[in-house]
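Participant: Pasting in a structure now, in structure tokens, and then I'll have a few things to ask.
The values are calculated or read from the model by the stated rules, or taken from the named source; none is laboratory data. Everything numeric here is computed off the predicted structure, so don't read it as measured data. When we count neighbours, we look across all protein chains shown, and the Cβ atoms used for this are built from the backbone with ideal geometry, even at glycine. For the accessible areas, the whole protein counts, side chains as well, though only heavy atoms, and no ligand, DNA or RNA atoms are used. Shrake-Rupley method; radii C 1.70, N 1.55, O 1.52, S 1.80 Å.
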Amino acid sequence: MFTLAHLSDPHLAPLPRPAPSELLSKRGLGYINWLRKRRLIHRADVLETVIADLKTQAPDHIAVTGDLVNLSLTNEFAPARAFLTRLGTPADVSVVPGNHDAYVRSVANFAVRDWGDYMRGDRGESFPYVRRRDRIAIVGLSTSLPTLPLAATGRLHGDQLARLGDILTALEREGAFRIVLIHHPPIEGMSRFRHLHDANNFREVLRRHGAELVLHGHNHEASLVWLAGTWSAVPCVGVPSASGAPDRHHDEPAGYNLYEIDGEQKAWRCVLIQRGWCDGSIREIGQQMLFG
Ligand SMILES: [Fe+2]
Ligand SMILES: [Fe+2]
């Protein structure tokens, strides 16, 4: 059995003090939002509790689906690297970036520069990257692009969509359990200020080439939507922010998911275990059989 942990959107706190020049951009509005609201939602102590619980579960691999930082301040990227190092080595932790990790154009490449070894395939390739672990294949996509103020949209930039179909088909031939990591939820019904521009095209690739699991962040809430696939529908699962305060009503309290994967192609067994905030600690709060 292979156990994968999925956490997302830690929005690491505390936020370093911005340089005055850093606020002359979309970051200025974001900083006001942080001071008024988000610093109360994303708490370092809550994230510590989540990480401590995750370590006790000893997963085989950890997936992190973006929004590690907040305003992409120059001084946010090194602490995010330290956070990843605490989770595990680049071989044991797979990361895709979120919209907050490329908040403004001047730092759009900083995530790849500083966390690149957590976002590379087994052959050193960039997005879409492929990592094989046992019978598992992890496919990492980037929807992370600078956007206009008040927008938190994403796009599968470059030739990712064009290459994704062939990658998924090749992995199916190898008999792999295919897990796609993507920050923005590739689902219908998202606000146009927060959506994935090419979600329709992504779902069409999925319908034609299939996958076993799609994991995303961005909405800071637990969700499960079944998307059309090939031999089976594909569960598309979101998690709460890993640092979500328990006493704020804007977002769900912190949590993360575990996937226990076993079996073989077309006879997979996959159990989703939700672990979330409950009376000051992280406990199992739900369990669901996705395949089996
Ligand atoms: Fe987020
Ligand atoms: Fe996001």
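Participant: Of all residues in the stretch 130-148 being over 19 Å from His61 (Cα atoms) and among the hydrophobic types (A, V, I, L, M, F, W, C), which is nearest to the chain's Cα centre (by Cα)?
Facilitator: Among residues in the stretch 130-148 that are over 19 Å from His61 (Cα atoms) and among the hydrophobic types (A, V, I, L, M, F, W, C), the one nearest to the chain's Cα centre (by Cα) is Leu145.
Participant: If I ask for residues that are touching a Gly at 6+ places or on another chain (Cβ under 9 Å) and assigned to a helix (DSSP H, G or I), which ones from the stretch 48-80 would you list?
Facilitator: Once the filter is applied, which keeps residues that are touching a Gly at 6+ places or on another chain (Cβ under 9 Å) and assigned to a helix (DSSP H, G or I), the stretch 48-80 yields Thr49, Val50.
Participant: Tally up the residues in the stretch 25-41 that are under 18 Å from Gly244 (Cα atoms), of a type in the set (A, V, I, L, M) and in contact (Cβ under 8 Å) with a residue 40 or more places away in the chain, please.
Facilitator: Residues flagged as under 18 Å from Gly244 (Cα atoms), of a type in the set (A, V, I, L, M) and in contact (Cβ under 8 Å) with a residue 40 or more places away in the chain within the stretch 25-41 amount to 2.
Participant: Sort out which residues of the stretch 32-70 are open to solvent by 50 Å² or more (accessible area, probe 1.4 Å), away from ligand 2 (no atom under 16 Å from the Cβ) and of a type outside the set (Asp, Glu), and write them in order of number.
Facilitator: Our first condition is that a residue be open to solvent by 50 Å² or more (accessible area, probe 1.4 Å); within the stretch 32-70, this holds for 32-33, 35-37, 39-40, 43, 45, 48, 52, 55-58, 60.
From the residues that got through so far, the ones that are away from ligand 2 (no atom under 16 Å from the Cβ) too are 32, 35-36, 39-40, 43, 45, 48, 52, 55-58, 60.
Matches in the stretch 32-70: Ile32, Leu35, Arg36, Arg39, Leu40, Arg43, Ala52, Lys55, Thr56, Gln57, Ala58.
Participant: I've got another one for you. Out of the stretch 130-152, which residues are closer than 20 Å to Val95 by Cβ, at pLDDT 95 or above and either touching a Leu at 6+ places or on another chain (Cβ under 8 Å) or of a type in the set (D, E, K, R) (or both)?
Facilitator: Val130, Arg131, Arg132, Arg133, Ile136, Ala137, Ile138, Val139, Gly140, Leu141, Ser142, Thr143
Participant: Further question on the same structure: What strands (runs of 3 or more DSSP E) lie completely within the stretch 203-292 and have 1 or more residues being in contact (Cβ under 8 Å) with a residue 24 or more places away in the chain and more than 14 Å from the chain's Cα centre (by Cα)? Please lay out each step first, then the result.
Facilitator: On the way: elements: 213-216, 223-227, 234-238, 255-264, 267-278, 281-291.
Counting at least 1 such residues, we get 223-227, 234-238, 255-264, 267-278, 281-291.
Quick grid of which residues meet (1) closer than 24 Å to Ser223 by Cα; (2) surrounded by 18 or more Cβ atoms within 10 Å (Cβ to Cβ); (3) touching a helix residue (DSSP H, G or I) at 6+ places or on another chain (Cβ under 6 Å):
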position	(1), (2), (3)
Gly121	no, yes, no
Ala162	no, no, no
Leu171	no, yes, no
Ile182	yes, yes, no
Pro185	yes, yes, no
Gly189	yes, no, no
Phe193	yes, no, no
